[in-house]
1. Indicate the gyration tensor shape class of segment 97-147 (rounded, prolate or oblate), computed on the Cα atoms with a ≥ b ≥ c the square roots of the eigenvalues: a/c under 1.5 is rounded; otherwise a/b larger than b/c is prolate and the rest oblate.
2. Quick one: which residues, 5 or more positions from GLU270 or on another chain, have an amide H under 5 Å from its amide H? H modelled 1.01 Å from N in the peptide plane, none for Pro or chain starts.
3. Sticking with the crude label model, points 7 Å out along Cα→Cβ, report the distance from VAL124 to ARG222 in nm, one decimal please.
4. Taking the Cα centroid of segment 274-294 and of segment 71-114, what is the distance between the two, rounded to the nearest whole Å?
5. If each residue's Cβ is checked for other Cβ atoms within 10 Å, how do SER206, SER100 rank with the fewest at the top?
6. At 0.36 nm per residue, minus the direct Cα-Cα distance, what do VAL75 and HIS292 gain on full extension? Give it in nm, one decimal, please.
7. Indicate, rounded to the nearest 5 percent, the antiparallel portion of the DSSP beta bridges found entirely in the chain.
8. How long are the three semi-axes of the equivalent ellipsoid for segment 156-221, computed from the Cα gyration tensor as the root of 5 times each eigenvalue, in whole Å, largest first?
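Just so you know, all these numbers are worked out from the coordinates, no wet-lab data involved. Values in this document were obtained by computation on a predicted structure and should not be read as measured data. Glycine also receives a Cβ, built like all others from the backbone with ideal geometry; neighbour counts cover every protein chain displayed.
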Amino acid sequence: MADTAEPRPEHGLTDFDDAGLAALVARHGGKPFQARQLTHWIYRHGASDAAGLRNLPARLRDAIVADLPIRSSRVVEVSRSADGTEKLLLGLHDGETIESVLIPEGERLTLCISSQVGCPVACVFCASGLDGVRRNLSAGEIVEQVLHARDRVAEARHGGLPARITNVVVMGLGEPLLNLANLEAALARLCDEEGIGLGARRITVSTSGHPERMRRFAALRRSYGLALSLHAAEDQLRKELVPTARAPVAELIEAAQHYFEITGREVTYEVVLLADVNDRPQDAAALIDALHGRTCTVNLIPWNPVDRIDGLRRPEAARVDAFERQLVAGGLNVTVRRQRGSDRDAACGQLRLHRAAET
Ligand code: SAH
Ligand code: SF4
């Protein structure tokens with residue numbers, strides 16, 4: 001599958017890399033050290049307007065933001081769930097919307113970010129792909145999700161969120177590996193120690209599986225985590241759940257193994273469990289056969305219902321437990337995602353869908 005859209009021109013300063021920011025500062029008569037200061041203000045301190053660029057001369061900072069804002073997106077809605085998660089709905093420069101989700105778990109605060117507006121992969125159980133894909137997110141739009149969430153965390157300290165974002169997962173709207181160039185630039189920006197300073201090991205990218213792109217992602221030789229959304233180990237069933245997928249399961253697992261060998265990061269296999277579809281004993285047996293002997297973890301995710309999707313059911317807890325026990329008995333490491341399915345908009349992509357339906 002080709003990249004969904006060509007990279008677009010810049011809409012905010014976050015779309016520039018360091019060389020681009022240095023060129024911009026130089027064009028307005030600034031010095032290289034002032035370009036570094038600009039990077040610090042935007043990423044370390046989270047400046048979102050000219051006033052936030054504190055120690056730059058007024059003429060320089062006004063010139064810098066004259067053509068482009070620092071950020072091109074803004075928060076249009078925050079929705080808090082009973083279980084403590086917070087969804088941020090962001091409005092983009094062209095009127096599109098995306099979601100990011102803050103998930104507190106003890107000391108950890110994980111931010112789930114989007115990589116595309118919608119998704120072209122169209123998994124049958126997922127809200128994100130229901131209306132196809134509108135476009136890729138730019139590198140800046142990916143990074144801005146972290147900047148906005150960090151602002152929100154600072155605002156909400158009294159509201160009980162942990163003090164800072166400890167982990168980022170690219171598991172929101174979209175298929176990240178179909179937007180690889182922008183993803184790569186954005187992740188590098190998140191890890192820049194002069195700026196946001198997140199460790200590569202604290203970032204996980206989740207993919208529906210594109211072997212050639214998984215290999216390109218491995219070739220970056222960074223320590224990002226990789227999660228492969230497998231859902232079923234049997235080709236025919238997987239094809240029913242991920243209808244646009246072309247690669248056979250064996251090839252996906254081979255590409256995941258390659259990722260482990262190159263980066264040293266153990267791959268997580270995600271399985272969204274759907275009652276009587278892929279939660280049967282034979283489905284667990286097929287997973288054991290396919291993954292036996294691999295260094296990996298299987299993450300079971302009981303399906304979160306989606307309004308516009310009929311005919312699928314979340315399995316009963318006892319069924320999930322039995323599935324887990326069978327995998328463990330078969331020698332696999334297994335985790336089960338804690339329940340986050342009670343609220344109306346729990347499944348990622350739903351807040352955006354409801355918003356679109358209401359406006
Ligand atoms: N496109 C990528 C990343 C975004 S989806 C991918 O598919 O991996 C992130 C994870 O959420 C995937 O494992 C996906 O299968 C899962 N998911 C999507 N819709 C869901 C739902 N309604 N309930 C539970 N998990 C869901
Ligand atoms: Fe796209 Fe992932 Fe949803 Fe599948 S599960 S439609 S790949 S976002």
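1. The shape class here is oblate.
2. Amide H neighbours of GLU270: LEU228, SER229, LEU230, HIS231, ASN299.
3. 3.5
4. If you average the Cα positions of each part, the centres end up 33 Å apart.
5. Final ranking by Cβ density, sparse to dense: SER206, SER100.
6. In short, 73.7 nm is gained.
7. 45
8. So the three semi-axes of segment 156-221 are 26, 15, 9 Å.
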